[in-house]
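Quick notes on the structure that follows.
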Amino acid sequence: MSTEAEQTHIPRVPPPRPAHPPHTAPPPRPTAPPGTAAKAAPPVDPDTPILGVPLRTPRANPGAGAGISRARPTGLPPRPATAPAAPPNPAPTAPAPRGPQPAGFGPWRRPDPAPAHDPYDSAGPRDGTGSRGTAGRRSPGRVAAAAACLVLGLGLLGGAAAGSWLTGDSGPRPAAGDGYARARTAWHSVPVDDLFPRTLRGHGPGGADRTWTRIAVAPDSSCGGAFDPLLAKALSPVGCKRLLRATYTDATSTSVTTVGLLVAKAGPGAMRGLSERFDTEGLDERADLMPRPYAAKGTAAANFGDAQRASWRIKVLTDAPAVVYAVTGFADGRKVTAPQPAGEATRRGATTAPAQAGLGHDARGIADEIERAFHRALAKTEAPR
């Protein structure tokens, strides 16, 4: 006999559910006896509730609820009437093999070991240690190709070295300061005919050929008295180490031109600054900032003074410590009341006296030729690089 404590642990078995009674047809409704008219049912108000439930279900308020509109947005395809049939399950396929992946993109799987023999390796199969045995000796053709590449590489290196010896590029190039230092002393060793050639050639009005002949060379000197006071003040920031001058005349001895080369003391920065100032402020076109001529006695320029200056050109160099200038006038000593810079006197259609006589072309052409001669002289005196 079980105790009361043991009976509490016995699970209860639910009673069996009664079987469903067999389905029977409902009894037929009674019909009115023949010969009697059926009473008409009273009309039913749709709003009258039956058993507490109204017959007409009120329409839901679209604005009720949490404020979410039920309207379907425009531009979307219509909703299908029936849900599309689900596609049949695809046949399972094996996942594609994964190669080595970079860090951060899942676990890295060690690649499969390489085969013992690579069919594309002409050196032969490897042994178990990874080295080639007697069958791994290189073929004679491969050794010959490697030797040819080695000879070709040595030839290219030798050619490059020879090219650097011929062009002087075997060492580092000097700094700009070194070139400036040599330019300041180059005038000592440059012949006069190299710096101021005896004959210069250029073009006059309309592109006509023009020839200028040197008639005098001034001794090298300081810059005192060589410029108008305002021009001397404008050039003072770069200093004056030496002044070299010469005077030329045209083939008919009608015009005379003094060309000068001012060797400055300043470095590259100061020369660039002075060049920018002349360009931005137009200092090279002001009639009160003109160079003065060198009137050599006994020459066609004997009467060439300040009053005879008709056109001029000034150029501040930035690749060398120098200022090149030229000033021109009439050889017969006539005075010029309206001097004109070379840039204006060489314009097409200019009708001033300096422009008609080609004095602007003289000043510009001679200054440009002396600038080129100065650079050629510096190239000859450059130290080996």
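The values are calculated or read from the model by the stated rules, or taken from the named source; none is laboratory data. In this text, all values refer to a predicted model and were calculated from it rather than measured experimentally. All Cβ positions, glycine included, derive from the backbone under ideal geometry; neighbour counts span all protein chains shown.
Numbers for the structure displayed
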{"read-out": "Members of region 197-217 found to be modelled with pLDDT of 95 or more and surrounded by 16 or more Cβ atoms within 10 Å (Cβ to Cβ), listed by number", "value": "Pro197, Leu200, Trp212, Arg214, Ile215, Ala216, Val217"}
{"read-out": "Sole exception among (1) of a type in the set (Gly, Ala, Ser); (2) in contact with a strand residue (DSSP E or B) (Cβ under 9 Å, 6 or more places away or on another chain); (3) loosely packed, with under 15 Cβ neighbours inside 10 Å; (4) within 24 Å of Asp209 (Cα to Cα) for Gly305, by number", "value": "(4)"}
{"read-out": "Test: residue in region 277-290 that is over 20 Å from Ala353 (Cα atoms), under 34 Å from the mean Cα position of the chain (by Cα) and of a type in the set (Val, Ile, Thr)", "value": "yes"}
{"read-out": "Those residues of region 218-248 which are surrounded by fewer than 19 Cβ atoms within 10 Å (Cβ to Cβ), touching a residue at least 40 places away in the same chain (Cβ under 8 Å) and assigned to a strand (DSSP E or B), in sequence order", "value": "Ala218, Arg242"}
{"read-out": "From Gly343, Gly360, Gly329, Gly365, residue being surrounded by 14 or more Cβ atoms within 10 Å (Cβ to Cβ), touching a Pro at 6+ places or on another chain (Cβ under 9 Å) and either part of a helix (DSSP H, G or I) or aromatic (Phe, Trp, Tyr) (or both)", "value": "Gly360"}
{"read-out": "Enumeration of residues in region 337-360 that are within 20 Å of Asp279 (Cα to Cα) and of a type outside the set (Lys, Arg)", "value": "Pro339, Gln340, Pro341, Ala342, Gly343, Glu344, Ala345, Thr346, Gly360"}
{"read-out": "Selection from region 264-299 of residues that are surrounded by fewer than 16 Cβ atoms within 10 Å (Cβ to Cβ) and touching a Cys at 6+ places or on another chain (Cβ under 9 Å)", "value": "Lys265"}
{"read-out": "Residue within region 243-255 that is at pLDDT 95 or above and on the phi > 0 side of the Ramachandran plot present", "value": "no"}
{"read-out": "Extreme residue, nearest to Ala320 (Cα to Cα), among residues of region 179-192 that are without any contact (Cβ under 8 Å) to a residue 12 or more places away in the chain and under 42 Å from the mean Cα position of the chain (by Cα)", "value": "Ala181"}
{"read-out": "Sole exception among (1) out of contact with any helix residue (DSSP H, G or I) (no Cβ under 6 Å at 6 or more places or on another chain); (2) in contact (Cβ under 8 Å) with a residue 40 or more places away in the chain for Arg364, by number", "value": "(1)"}
